[in-house]
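Asks: Here it is, the structure in full.
The values are calculated or read from the model by the stated rules, or taken from the named source; none is laboratory data. Computed from a predicted model, the values in this text were never measured in an experiment. Counting neighbours? That spans all protein chains shown, and the Cβs are built from the backbone with ideal geometry, glycine included. To get the accessible areas, we keep the full protein, side chains included, count just its heavy atoms, and leave off ligands, DNA and RNA. Shrake-Rupley method; radii C 1.70, N 1.55, O 1.52, S 1.80 Å.
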Amino acid sequence: SKINYNGKLSINPFDLDLNINLNNYKISKLFSFNPILIEFFKSELLFNDSISLKASIIANSNTKEEIFDKAEINFSILNNKVSFDNTKFINNEIGLLELRNSNLFLKNNNLILSSDLLFDIKNTNRLFSFLNTNKKSRKEFKNVLVNLEYNFLSNEIKFQNIKIDNNEVSDEFLNVIDDFTDNNSNNLIKSRQLLNKLLNIYDG
């Protein structure tokens, strides 16, 4: 940046490529945004045509309490759009979660992330074991596609659309998943209960 003779601040276009590698990091921490960081995004400094940024964070976890063993965070700013596309959270035994068609934006002074989440399941038996799912509710499926909006300020999730193996889910399924909307109240025990309830509803 530089100060012009008229006293106004002008930001020169710049490109930045940043790569960070974290070892033995608690991956669940990556799901929580620091309030200071949220305020920084709300300042709109990054929503600028002059800024081009690509950043990646690789994190590995050796903690048994964590759901994911590895995270690959991809963050980019291009043409005034902030994206987390191709970000992946990986469980080596169960499968992975990937973000697609993502967009971080400001709406009525709220910081919103809109994204497709693709759950690619490579081993349903491992998933059912992790969730403690009873045998009657165990149904084979390969992937789950969820379209949602996440409000970082209120910590609320709004589900737009859900497909399992490219099939629409029932209205009852959508009603139950609304229990996930308040991210403040979600924890591993409650999430297991809700996911098992959804598996019981799913026709397969």
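Asks: Could you please tell me which pairs satisfy a Cβ distance under 9 Å, a separation of 6+ or placement on different chains, a first residue in the stretch 105-129 that is farther than 28 Å from F152 by Cβ and open to solvent by less than 20 Å² (accessible area, probe 1.4 Å), and a second residue that is part of a loop (DSSP other than H, G, I, E, B) and among the β-branched types (V, I, T)?
Replies: Short answer, once both residue conditions are applied: T124/I94.
Asks: What pairs come up if the first residue lies in the stretch 48-59 and is under 23 Å from N23 (Cα atoms), the second is in a loop (DSSP other than H, G, I, E, B) and open to solvent by 30 Å² or more (accessible area, probe 1.4 Å), and their beta carbons are under 7 Å apart, counting only those six or more places apart or on different chains?
Replies: Short answer, once both residue conditions are applied: A59/Y25.
Asks: Tell me, please, whether a residue that is under 15 Å from the mean Cα position of the chain (by Cα) and either under 22 Å from E93 (Cβ atoms) or open to solvent by less than 70 Å² (accessible area, probe 1.4 Å) (or both) can be found in the stretch 42-54.
Replies: no
Asks: Additional query: Residues in the stretch 143-180 that are closer than 14 Å to L113 by Cα and within 14 Å of the chain's Cα centre (by Cα): how many? Step through it out loud before you land on a result.
Replies: Taking the stretch 143-180 as the starting set, the residues that turn out to be closer than 14 Å to L113 by Cα are 146-160.
From the residues that got through so far, the ones that are within 14 Å of the chain's Cα centre (by Cα) too are 146-152, 155-159.
Total satisfying the criteria: 12.
Asks: Under 7 Å by Cβ, and 6 or more places apart or on different chains, what pairs join a residue from the stretch 29-44 that is closer than 16 Å to S83 by Cα with one that is at pLDDT 75 or above and open to solvent by 90 Å² or more (accessible area, probe 1.4 Å)?
Replies: If the second residue must be at pLDDT 75 or above and open to solvent by 90 Å² or more (accessible area, probe 1.4 Å), the pairs left are I38/L153; K42/N109.
Asks: Does N166 count as in contact with a strand residue (DSSP E or B) (Cβ under 9 Å, 6 or more places away or on another chain) and open to solvent by 50 Å² or more (accessible area, probe 1.4 Å)? Break it down stepwise before answering.
Replies: On the way: in contact with a strand residue (DSSP E or B) (Cβ under 9 Å, 6 or more places away or on another chain): yes; open to solvent by 50 Å² or more (accessible area, probe 1.4 Å): yes.
Spelling it out, N166 is indeed in contact with a strand residue (DSSP E or B) (Cβ under 9 Å, 6 or more places away or on another chain) and open to solvent by 50 Å² or more (accessible area, probe 1.4 Å).
Asks: Now for a different question. What's the number of the only condition in (1) touching a helix residue (DSSP H, G or I) at 6+ places or on another chain (Cβ under 6 Å); (2) crowded, with 17+ Cβ neighbours inside 10 Å that E93 fails to meet?
Replies: Only one criterion is unmet by E93, namely (2).
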